[in-house]
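The values are calculated or read from the model by the stated rules, or taken from the named source; none is laboratory data. Given the structure is predicted, the values throughout are model-derived calculations rather than measurements. Neighbour counts run over all protein chains shown; Cβ positions are idealised from the backbone, glycine included. All accessible areas refer to the heavy atoms of the entire protein, side chains included, with ligands and DNA or RNA removed. Shrake-Rupley method; radii C 1.70, N 1.55, O 1.52, S 1.80 Å.
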Amino acid sequence: MSEHFETNAIRNQNERSQFSEHSTPLYLTSSFVFEDAEDMRASFAEEKERNLYSRFTNPNTTEFVNKIIEMEGAEAGYAFATGMAAIFTSFAALLKAGEHIVSCSSVFGSTHAMFTKFFPKWNIETTYFKVNEVDLLESLIQENTKILYIETPTNPAVDILDLELIGKIAKKHNLIYIVDNCFATPYVQQPIKFGADLVIHSATKLIDGQGRVLGGITVGNKELMHEIYLFARNTGPAMSPFNAWVLSKSLETLAIRVEKHAENAQKVAEFLEQHSNVNMVKYPFLKSHPQYEIAKKQMKLGGNIVAFEIKGGIDAGRTFLNNIKMCSLSANLGDTRTIVTHPSSTTHSKLSEKDRLEVGITDGLVRVSVGLENVADIIADIEQALDFNAN
């Protein structure tokens with residue numbers, strides 16, 4: 001294959017069938033046939049690499065997985081129905097009762113719920129460290145700690161964690177190092193280069209890029225991925241062939257889309273930084289970002305997520321959303337369409353105020369997933385909503 005990301009994203013696809021199609025076809029089949037009894041036996045015994053049943057593998061999911069493996073510099077992978085299916089299955093496959101997780105406190109809300117509400121039922125506990133307290137991380141590692149987990153950039157406050165520094169800590173203590181790379185995509189950063197054992201994506205976001213389908217994927221070390229594959233094969237969280245086909249085609253335009261997303265996001269962030277009704281703006285490639293130097297070290301671009309704090313708290317946040325005209329009000333992100341979300345009153349409203357503040361979610365925080373519209377139109381809509389809010 002080529003040394004260039006864009007070429008591989010387009011040209012890395014399944015072999016053509018006898019019909020000589022240019023674009024990979026859909027394989028909408030639940031199962032596959034065998035030549036004879038011995039072929040069937042050997043296939044189920046994993047003596048042969050072949051498709052058995054679409055809950056296990058399918059040509060469309062294989063193509064999608066192979067593309068992400070190539071992009072992330074991984075050894076193996078598995079595609080899931082959703083990003084949360086990828087996260088849950090990866091942890092459930094690798095953990096047993098009595099083991100322990102160390103995680104950054106700034107994680108997606110459903111991941112937080114998994115750690116605090118569901119895993120304790122199986123005697124699996126999680127200890128959190130704050131993004132600005134990485135120096136305390138080692139003190140949290142216990143004899144039974146198995147996994148070290150982070151997101152970077154974080155959701156929704158867009159904080160940055162040092163992938164390389166945390167990778168060295170994980171290696172020193174022989175921990176499985178897992179990184180949620182959803183906000184960055186493999187085009188912007190590759191955590192495996194910095195020591196990650198596994199990388200997880202919600203493919204629903206920028207990988208799809210158009211708000212069409214759900215999907216998740218985990219890639220990384222082949223021994224760990226084999227454990228995850230066996231668990232997934234028996235528990236059934238597989239991605240559908242149709243979604244895999246859509247997502248594989250989406251990857252062909254990932255680079256060019258993310259370049260434009262980041263260009264627009266940079267301009268939106270710079271505009272917000274100058275607005276009198278804004279207290280604070282966080283975007284990885286703004287020099288004012290607390291972890292700007294770390295972001296420049298490990299990220300190719302700043303991504304498409306901008307977080308900012310409106311003066312006036314939770315009521316001002318609601319007013320801002322109510323006066324948005326063009327941008328979408330949605331809980332999704334990574335779409336062609338710009339999306340604005342007010343976490344305190346929506347996605348993170350079930351957290352206590354103390355818990356929200358600990359992960360940087362103030363009452364006035366707004367998350368903007370900057371889309372691909374003309375940036376002048378995006379800024380104009382945000383500006384008129386902010387100006388109305390000021391009045």
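Under the condition of being acidic (Asp, Glu) and open to solvent by less than 60 Å² (accessible area, probe 1.4 Å), which residue from the stretch 369-389 is farthest from the chain's Cα centre (by Cα)?
That would be Asp381.
Could you check the stretch 309-336 and list, in sequence order, the residues that are open to solvent by 40 Å² or more (accessible area, probe 1.4 Å), in contact (Cβ under 8 Å) with a residue 24 or more places away in the chain, in a helix (DSSP H, G or I) and not hydroxyl-bearing (Ser, Thr, Tyr)?
The answer is Ile314, Arg318.
Filter the stretch 27-45 for residues that are open to solvent by 90 Å² or more (accessible area, probe 1.4 Å) and not aliphatic (A, V, I, L, M); which is nearest to Leu247 (Cα to Cα)?
Top of the filtered list is Phe44.
Would you pick out the residues in the stretch 44-59 that are farther than 18 Å from Thr235 by Cα, in contact (Cβ under 8 Å) with a residue 12 or more places away in the chain and not in a helix (DSSP H, G or I)?
Listed by number, the list holds a single entry, Arg50.
Restricted to the stretch 244-300, and to residues that are free of Cβ contacts under 8 Å to residues at least 40 places away in the same chain and among the basic types (Lys, Arg), which residue is surrounded by the fewest Cβ atoms within 10 Å (Cβ to Cβ)?
Lys287
Which one is most open to solvent (accessible area, probe 1.4 Å), of the residues in the stretch 201-227 that are of a type in the set (A, V, I, L, M, F, W, C) and more than 15 Å from Glu72 (Cβ to Cβ)?
Ranking the candidates gives Leu214 first.
Mind counting the residues in the stretch 177-200 that are crowded, with 24+ Cβ neighbours inside 10 Å and on the phi > 0 side of the Ramachandran plot?
1
Identify the single condition in (1) touching a strand residue (DSSP E or B) at 6+ places or on another chain (Cβ under 6 Å); (2) part of a loop (DSSP other than H, G, I, E, B) that Gly98 does not satisfy, given that it satisfies every other one.
Going through the list (1) touching a strand residue (DSSP E or B) at 6+ places or on another chain (Cβ under 6 Å); (2) part of a loop (DSSP other than H, G, I, E, B), Gly98 breaks only (1).
Against the definition (farther than 19 Å from Ser240 by Cα, free of Cβ contacts under 8 Å to residues at least 40 places away in the same chain and of a type in the set (Ser, Thr, Tyr)), how does Thr7 come out, yes or no?
yes
Quickly run through the stretch 228-243 and pick out the residues that are open to solvent by less than 30 Å² (accessible area, probe 1.4 Å) and in contact with a strand residue (DSSP E or B) (Cβ under 8 Å, 6 or more places away or on another chain).
Across the stretch 228-243, the qualifying residues are Ile228, Ala232, Pro237, Ala238, Met239.
Look through Thr111, Thr152 and report the one residue that is crowded, with 20+ Cβ neighbours inside 10 Å, out of contact with any Pro (no Cβ under 9 Å at 6 or more places or on another chain) and either closer than 17 Å to Ile361 by Cβ or not charged (D, E, K, R) (or both).
From the options Thr111, Thr152, the qualifying one is Thr111.
Within the stretch 6-13, is even one residue open to solvent by 50 Å² or more (accessible area, probe 1.4 Å) and charged (D, E, K, R)?
Scanning the stretch 6-13, I find at least one residue that is open to solvent by 50 Å² or more (accessible area, probe 1.4 Å) and charged (D, E, K, R), so the answer is yes.
For the condition free of Cβ contacts under 8 Å to residues at least 60 places away in the same chain and either of a type outside the set (Gly, Ala, Ser) or touching a Ser or Thr at 6+ places or on another chain (Cβ under 8 Å) (or both), what is the one hit in Glu38, Glu63, Glu70, Glu75?
Exactly one of Glu38, Glu63, Glu70, Glu75 is free of Cβ contacts under 8 Å to residues at least 60 places away in the same chain and either of a type outside the set (Gly, Ala, Ser) or touching a Ser or Thr at 6+ places or on another chain (Cβ under 8 Å) (or both), namely Glu38.
Scan Leu165, Leu140, Leu136 and give me the residue that is out of contact with any helix residue (DSSP H, G or I) (no Cβ under 8 Å at 6 or more places or on another chain), at pLDDT 95 or above, aliphatic (A, V, I, L, M) and over 26 Å from Thr89 (Cβ atoms).
None of the other options fit; the residue is Leu136.
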